[in-house]
Structures are given as C-alpha cells and as structure tokens.
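The values are calculated or read from the model by the stated rules, or taken from the named source; none is laboratory data. Predicted model only: the values in this text are computed from it and were never measured. Cβ placement follows ideal geometry from the backbone for every residue including glycine, while neighbour counts extend to all protein chains displayed.
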Amino acid sequence: MILAVANQKGGVGKTTTSINLGAYLTRLGRSVLVVDCDPQANATTALGIDRRRVEGRSLYEVLTGELAFEQIVLRTAIDGLDLAPSSPTLAGAEVELVEAGAFETRFRELIRPTALRWDYTLLDCPPSLGVLTANALVAADGVIVPVQCEYLALEGLAQLMRTIELVRRRANPGLRVAGLVLTMYDSRTNLSQQVAEEVRTHFPDTFQVAIPRTIRLGEAPSFGQTILEYDPASRGAAAYNALAEELVARLEGAAGGVA
Ligand code: ADP
Ligand code: MG
C-alpha cells in the first residue's frame, strides 16, 4: 500500500511522521519504503543518509529518466526500512515535469509499480500543493494528514481535502484518506486539547493516538536517527508505535482497508 503523508503547511510533522511511523511499521514485521519527495531532503538526512552519497542518485534522476526508481533505493540503519532519497535538485523537477506534460502521473508511472513491492510505501511530501504533492496523491492509495495541534490547525485542511477529492475524481478514484494524525500535542495546554477536539469533530477518521510534543522527537533527526533508535523508551516512541498499530489495524483489519 502506498500512502502519501501530506499537508501543504510546513513544520506540521510530515517528515517526523513518515520516518518514525515507517520505523515502527517494521517492528510489526512490515517492509517499509520511505520516498523523500521534498527537495529539502529532511527525511533523507533524518534517516542518516549523507547528502553527498545521494548526489546524482536521487528522485530527481528518476524523474528525468536517467535512473530507474529501484536504482536509487537505499537501505537504512533499520532492518526492513528502505529510503528513496531526495536532493535539492528535485526543486528543478517541478519545472521540468510541467514542461514535459502529463506531469501529474509521473510518480504513478515511474514509482508506483516498484513501490508496491514493499508492504508500505510512505511518500513524504513537500509543504505545498504543487506538482510533487500532486504526483504523490495520484500515485497513492491513501493519504495520511499530520495536523499540528496549534492555533489555526484547521486552516488549509479544507483546501487539502478539496485537492484530494479533485485528484480522486480526475485521476485516482482509489485514493482515500487513511487518517489524520494529531502532532505536537501538549496535554498541558488548553489550546492543544481544543484543537484536538475540533479536528476530531470535523474529521472522525483522526487516529486515536496523538503524537506528543517532546524534545526527544525534535532531537533525533540531528543524529540521523528515528526515535526507535534514538530513544525507544520515550513517550514519542510509544506514540509512533501506537500509531503504527492503529494504522495496521485500520488498513489490514477485518473492515477491509483503504484501497
Ligand atoms: P514537516 O515535514 O511537516 O515540515 P517536520 O516533521 O520536519 O515537519 O517537523 C518540523 C519540526 O518540528 C522539525 O524540527 C521536527 O524535528 C519537529 N517536530 C516534529 N514533530 C515533533 C514532536 N512531536 N515533538 C517535537 N518536535 C517535533
Ligand atoms: Mg518535511
């Protein structure tokens, strides 16, 4: 199953969720591929991959047709977790994709067939509803939407939902919202609780577990590690473990699943 992790707002926890959910899905015995679709390449560095190692072997070269998708996939330090890395050059791909035409189906053609070899492929999207996110939505079976428990959290979600609906009608009828994930939740503040309540009211398919705001989750990427490696006994680790369990129950459970 291919899941886009998307929200056009920056800093809401897309990358943190992609890599840590990915890590904990491997603990449930699932094979996982994280595809870094953001030119900022945060998922790539957060998984401990040196940018120099990726030069000339990133998603950009796949989109330009120089390399096949499987040629860029790297193993990470976590058994069962692989990465298709990004690089800053990917920013240029937006322009090239538009010029090449049929630009929203490139991921579907070039990535999807290979990506289906993993139990779960997580597409870590950039913070915009541009060409790369559109490509991810067209290629995916479902969308995970991280929502930061902050003022104006709901702002932009309506636009994202309309975009998902549009993609479903025009290009990808199988696309579903797999669920919303509350991130950076601080149980001590009324604001966090209010936002969480509001999001759950508007979007009943919000996952039960809320990811807490913790220093350890914020620190781990600077060591090139997921929370599973950096501090598996932490609250943040427990939350991502719970999210992985909830996701698997939801998508693989008796009710049928996302596709
Ligand atoms: P996005 O990919 O949506 O732009 P990130 O996942 O990169 O967002 O998160 C933005 C910043 O917030 C990063 O510095 C990240 O380490 C930090 N962060 C994300 N989630 C948490 C959390 N639950 N607790 C503390 N810091 C977090
Ligand atoms: Mg990111």
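Having 2 or more residues that are within 16 Å of ligand 2 (Cβ to nearest atom) is the bar; report the helices (runs of 4 or more DSSP H) wholly within region 78-161 that clear it.
Numbers: elements: 90-100, 106-110, 112-115, 131-139.
In region 78-161, 90-100, 131-139 are the helices (runs of 4 or more DSSP H) which contain 2 or more residues that are within 16 Å of ligand 2 (Cβ to nearest atom).
Checking Gly13 against (1) under 29 Å from Gln148 (Cβ atoms); (2) more than 16 Å from ligand 1 (Cβ to nearest atom); (3) not basic (Lys, Arg), which single condition isn't satisfied?
Condition (2) is where Gly13 drops out.
Name the residues in region 1-48 that are among the hydrophobic types (A, V, I, L, M, F, W, C), within 22 Å of Thr89 (Cβ to Cβ) and more than 15 Å from ligand 2 (Cβ to nearest atom), would you?
The one that is among the hydrophobic types (A, V, I, L, M, F, W, C), within 22 Å of Thr89 (Cβ to Cβ) and more than 15 Å from ligand 2 (Cβ to nearest atom): Leu33.
Give the residue that is nearest to the chain's Cα centre (by Cα), with candidates limited to residues of region 1-10 that are within 16 Å of ligand 1 (Cβ to nearest atom) and within 21 Å of Ile111 (Cα to Cα).
Val5
Which residue out of Gly65, Gly22 is part of a loop (DSSP other than H, G, I, E, B), under 26 Å from Glu109 (Cβ atoms) and of a type outside the set (D, E, K, R)?
Answer to the selection: Gly65.
For (1) in a helix (DSSP H, G or I); (2) touching a strand residue (DSSP E or B) at 6+ places or on another chain (Cβ under 7 Å), each residue gets a yes or a no:
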| residue | (1), (2) |
| --- | --- |
| Arg200 | yes, yes |
| Ala220 | yes, no |
| Gln225 | no, no |
| Ala237 | yes, no |
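Can you go through Thr189, Thr201, Thr206 and tell me which one is surrounded by 15 or more Cβ atoms within 10 Å (Cβ to Cβ) and either modelled with pLDDT of 95 or more or among the polar types (S, T, N, Q) (or both)?
Thr206
Yes/no matrix, rows are residues, columns are (1) crowded, with 19+ Cβ neighbours inside 10 Å; (2) aliphatic (A, V, I, L, M); (3) under 14 Å from Thr226 (Cβ atoms); (4) out of contact with any Ser or Thr (no Cβ under 9 Å at 6 or more places or on another chain):
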{"site": "Gly13", "(1), (2), (3), (4)": "yes, no, yes, no"}
{"site": "Pro39", "(1), (2), (3), (4)": "yes, no, no, no"}
{"site": "Arg52", "(1), (2), (3), (4)": "no, no, no, yes"}
{"site": "Glu70", "(1), (2), (3), (4)": "no, no, no, no"}
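Could you please find all residues in region 104-134 being closer than 25 Å to Arg250 by Cα and under 13 Å from the mean Cα position of the chain (by Cα)?
Of everything in region 104-134, those that are closer than 25 Å to Arg250 by Cα and under 13 Å from the mean Cα position of the chain (by Cα) turn out to be Tyr120, Thr121, Leu122, Leu123, Asp124, Cys125, Thr133.
So, in region 41-54, of the ones that are under 14 Å from the mean Cα position of the chain (by Cα) and touching a residue at least 60 places away in the same chain (Cβ under 8 Å), which residue ends up farthest from ligand 1 (Cβ to nearest atom)?
Leu47
Can you tell me which condition Leu166 does not meet? The list is (1) more than 16 Å from ligand 1 (Cβ to nearest atom); (2) crowded, with 16+ Cβ neighbours inside 10 Å, and all the others hold.
(2)
Kindly check whether there is at least one residue in region 29-39 that is more than 13 Å from Leu123 (Cα to Cα), more than 12 Å from ligand 1 (Cβ to nearest atom), among the polar types (S, T, N, Q) and in a helix (DSSP H, G or I).
no
Quick one: which of Glu94, Glu61, Glu104 is farther than 27 Å from Leu157 by Cβ and either at pLDDT 95 or above or more than 16 Å from ligand 1 (Cβ to nearest atom) (or both)? Working first, answer last.
On the way: Glu94 fails: farther than 27 Å from Leu157 by Cβ; Glu104 fails: farther than 27 Å from Leu157 by Cβ.
After ruling out the rest, the residue left standing is Glu61.
I'd like to know if region 180-188 contains one or more residues that are aliphatic (A, V, I, L, M), within 16 Å of ligand 2 (Cβ to nearest atom) and either in a helix (DSSP H, G or I) or under 26 Å from Glu165 (Cβ atoms) (or both).
Looking through region 180-188, at least one residue is aliphatic (A, V, I, L, M), within 16 Å of ligand 2 (Cβ to nearest atom) and either in a helix (DSSP H, G or I) or under 26 Å from Glu165 (Cβ atoms) (or both).
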